[in-house]
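A quick write-up on the structure given underneath.
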Amino acid sequence: MAGHVSVQARGEIALVRIDRPPANAMDRELLADVVAAQQQLAADEPAAVVITGREGFFSAGVDLKLAPTLDAEAQAAMVDGINRMAADWYGFPRPVVCAVNGHAIAGGMILALCGDHRVAGPAGRFGLTEARVGIGFPAVAIAVVRAELSPGAARELDRALEAAADLAALPAQGYAFIKRQLRAPVIAEARRVLDGGTDPLAGAWVGGETAGAAAAVLRRERA
């Protein structure tokens, strides 16, 4: 694929790699690329998928330099992009393993939560930091957080493909059916939001406090 996302075959497993320097921060193009990768793989039907990032960063979430500059239309498009990313990957019928090879912050953490299994290396920060910059959670994103977030022990990064292979060995039709059973309420609500445009953040995602808060976060990260 072109853009910020590549898809590589590793046997029957598809490896999705996100690469937008320096931190895999999310803008509209990156979100569209992540959604397009899901749609491609939904048609290709690999045995399992591994999602990973670039060195040191799974994803730092929304681009904090970009967010305060967006007008209302662009804000609504970003909210929709995050919701579609979360809905599509959360509802993906095949096993999804997230190889969290670095920082997974805010939207990056939400993408990691969309997987069936997460494998994390020894370095990296993980968190949902939207409140620090005055940016609310899109409706589908917060639904995934509520459904999935729980403490877990970090595992070695190189176990990601092994974990995906183990899941891929399970009966595919049964796996897809059980996954739909477990995730159906969140997926149904996600589709209602996406089809009806009912996310309350669509009209005012970034508040007036965001520019100063985002700049403060960026200063701390550079320190």
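Table for the structure above
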| item | result |
| --- | --- |
| Per-residue SASA entry for ARG219, accessible area with 1.4 Å probe, Å² rounded to 10 | 150 |
| Contour minus Cα-Cα distance for ALA176 and ARG219 (0.36 nm per residue) | 11.1 nm |
| Under-5 Å amide H pairs with HIS117, H placed in peptide plane, nonlocal only | VAL96, CYS98 |
| Sequence of LYS179, LYS65 from largest to smallest accessible area, 1.4 Å probe | LYS65, LYS179 |
| Gaussian network model of the chain, Cα within-10 Å springs - most flexible of ASP166, ASP33, ASP199 | ASP166 |
| Positive-end residue, the chain charge dipole about Cα centroid, Cβ charges, pick of GLY108, ASN83, ALA216 | ALA216 |
| Folded to 0 to 90 degrees: helix 28-44 orientation relative to the chain principal axis, Cα | 20 |
| Area of THR52 that stays accessible when all protein chains are in place (1.4 Å probe, Å², to 10) | 10 |
| Whole-number D in µm²/s for segment 21-144 (Stokes-Einstein; Kirkwood sum over Cα pairs; 4 °C, 1.567 mPa s) | 89 |
| Other-chain or far-sequence residues with amide H under 5 Å of PHE57's (modelled H) | HIS103 |
| Solvent-accessible surface (1.4 angstrom probe) belonging to SER59, in square angstrom, nearest 10 | 0 |
| Label-point separation in nm, GLU12 to ALA188, each point 7 Å along Cα→Cβ | 3.2 |
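The values are calculated or read from the model by the stated rules, or taken from the named source; none is laboratory data. Because the structure is predicted, anything quoted here is derived from the model rather than measured. As a convention, Cβ positions derive from the backbone with ideal geometry for all residues, glycine included, and neighbour counts pool all protein chains shown. Surface areas here come from the heavy atoms of the whole protein model, side chains and all, with no ligands, DNA or RNA. Shrake-Rupley method; radii C 1.70, N 1.55, O 1.52, S 1.80 Å.
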